[in-house]
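Enquirer: Supplied in C-alpha cells, the structure appears directly below.
The values are calculated or read from the model by the stated rules, or taken from the named source; none is laboratory data. Model, not experiment: these values are computed from the prediction. Note: ideal-geometry Cβ built from the backbone for every residue, glycine included; neighbour counts use all protein chains shown.
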Amino acid sequence: MTTIDTARVPWLAVSAVAAGTFTIVTSEMLPVGLLTPMAATLGVSAGTAGLTMTAPGIVAALSAPLLTVVAGRLDRRVVLVALMALLVGANLLAAVAPAYPVMLAARVLVGVSIGGFWAFAAGLAGRLVPERHVGRAAAMIAGGVAVASVLGVPAGTLILSWAGWRAAFVAVAVLAVAVLAALVLLLPPLLPTRAVRPAELAGVWRDPALRTVLVATALVVTGHFAAYTYIRPFLEQVSGAGPALISGLLLAYGIAGVIGNAGAGNQAARRPREVMVALAALIAVSTAGLPLAGALMILLWGLSYGGVSVTGQLWVIRADGGEAGMAMLSSIFNAAIALGALLGGRLVDAASPSAAMAFGAALALLTAAYAGIWGRRRTTDS
C-alpha cells in the first residue's frame, strides 16, 4: 500500500479513522429512519424490519472480541482497510436486496465490519499523535461514533425523501469508498506491540471500574435503542407527524446530538462517571416526556444521547482498559443496540410505540441510579 508521511500530517490520519467510525455507525443506524418504507417494500412488519438493527448488533458484539484475538500481530492498517472494503460490499448488497432474507444477510456483513473496526480504531489515538494530544485524538475518533449515532438517521431520512430508501444505502457505500481511500493514503503501518490474549478479555470484567463502564453502557444503550429504533412509527402513529416533519425533527435531533457530543467529550475526559449519570437522567426525562412535548424532548434526547458513546470510550481510556477494554466496550455497545432493537420491536408489535418509549425511559433511569450509586463505590474517576 502507498502511504503519505503521517509524521507531518498526524491529524489527517486521526480524521480518516474518525471518518471510518462515522461511516460504520451510520451504516448501522441507517434502517432506523427508513424502517416504515423498507418494511413495506420487503413485505414485513415494522417489528420484523427492526431485526435489521438487531442482526448487525449481535454480529458486531461477537466479532469485536473475536477479531481482536484472531488479528494477532496483523498490521491494524491492513485490518481496518479490509473491514471498510467489507462495509462497501455490504451496503451495496442491501441497496439491491430483492427480499428480506438478502437484506438480513447484508446486515450481518455490516455487523462484522462494525465490531472489528470499532474495536481496533478506538485505541489508535496513542499510535497516531504525540502523547500530549492523545486525549484530543481519542475524542475525535470516539466522536465519529457519536456523531454518526445522531446524524446517520436524519441523513438517511433526507435521502429517503429525495430518492427512496435504496438510495440511502448506495450513498453510504459511496462514503465508505471515500473513507477506504483515505485509510489507504493516510494511515501509517500500525503493527501491534503484542497480540491480545483471550484471558485479557475476561480480565476486563474483573476490573471494577471497567465493569461499571460496561454495565452502565449496556443499560443505557439498550434502553435508547428500544425506543429510538421505533421513533418513526411513534411520530407517525402517536404524534401524527408526516414525512417532512419527521425528517425535520430527526435532523434537529442530530444537530443537538453533535452539540451534546462536543460538550460531553470535554467534561468526560475528567469526570466520565458523573457525565454518564447526567446523560442517562436526561435520556430518561426526554423519552418519558416525548408524548407531552415532542419537539422539545427530541432536542433534549439528541443532546443527551450524543454524549454517551464518547463518554463510555473516554471512561475506558481513563480506566486504562487498552485494546481489550475497547473491544469489550464495542461488543457490549453493539449487543445492547441489538437487544434494544429486539425488545423495542416486541413491545411495538405487542402493544404500541409508546410502550417502547416508556421502556427506554425506565432503563435510562436505572443507568443513572447504577452509575451514580453503585458506580461511585466501585470507581474512582473523580
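Enquirer: For the subset of the range 253-283 comprising residues that are of a type in the set (A, V, I, L, M) and surrounded by 24 or more Cβ atoms within 10 Å (Cβ to Cβ), which member is farthest from Arg136 (Cα to Cα)? Before the answer, list the steps.
Expert: Residues of the range 253-283 that are of a type in the set (A, V, I, L, M), as a first pass: 255-256, 258-259, 262, 264, 268-269, 275-283.
Subsequent filtering for residues that are surrounded by 24 or more Cβ atoms within 10 Å (Cβ to Cβ) retains 264, 268, 275-276, 279-280, 283.
Numbers: Ala264: 13, Ala268: 12, Val275: 17, Met276: 19, Leu279: 21, Ala280: 24, Ile283: 26 Å.
Taking the candidates together, the pick is Ile283.
Enquirer: Also, quick follow-up: Looking at Val79, Val88, Val69, Val44 in this structure, which one is under 21 Å from the mean Cα position of the chain (by Cα), modelled with pLDDT under 95 and among the β-branched types (Val, Ile, Thr)? I'd like the intermediate steps shown before the answer.
Expert: Numbers: Val88 fails: modelled with pLDDT under 95; Val69 fails: under 21 Å from the mean Cα position of the chain (by Cα); Val44 fails: under 21 Å from the mean Cα position of the chain (by Cα).
The conditions single out Val79.
Enquirer: If the requirement is being more than 30 Å from Ala202 (Cβ to Cβ) and part of a helix (DSSP H, G or I), which of these qualifies: Leu35, Leu66, Leu86, Leu109?
Expert: Working: Leu66 fails: more than 30 Å from Ala202 (Cβ to Cβ); Leu86 fails: more than 30 Å from Ala202 (Cβ to Cβ); Leu109 fails: more than 30 Å from Ala202 (Cβ to Cβ).
Within the list Leu35, Leu66, Leu86, Leu109, the selection yields Leu35.
Enquirer: In the range 107-120, which residue that is aliphatic (A, V, I, L, M) and buried (at least 24 other Cβ atoms within 10 Å of the Cβ) is farthest from Ser63 (Cα to Cα)? If you could, list the steps in order and put the result at the bottom.
Expert: Narrowing the range 107-120 to residues aliphatic (A, V, I, L, M): 108-110, 112, 114, 119.
Still in the list and also buried (at least 24 other Cβ atoms within 10 Å of the Cβ): 110, 114, 119.
On the way: Val110: 11, Ile114: 8, Ala119: 9 Å.
Per the stated criteria, the residue is Val110.
Enquirer: Taking the stated definitions as given, is Arg211 charged (D, E, K, R) and closer than 30 Å to Ala361 by Cβ?
Expert: Details: charged (D, E, K, R): yes; closer than 30 Å to Ala361 by Cβ: yes.
The answer is yes for Arg211.
Enquirer: For the list (1) among the aliphatic types (A, V, I, L, M); (2) in contact with a Gly (Cβ under 9 Å, 6 or more places away or on another chain); (3) surrounded by fewer than 17 Cβ atoms within 10 Å (Cβ to Cβ); (4) at pLDDT 80 or above, I need the number of the one condition that Leu245 fails.
Expert: For Leu245, the failing item is (2).
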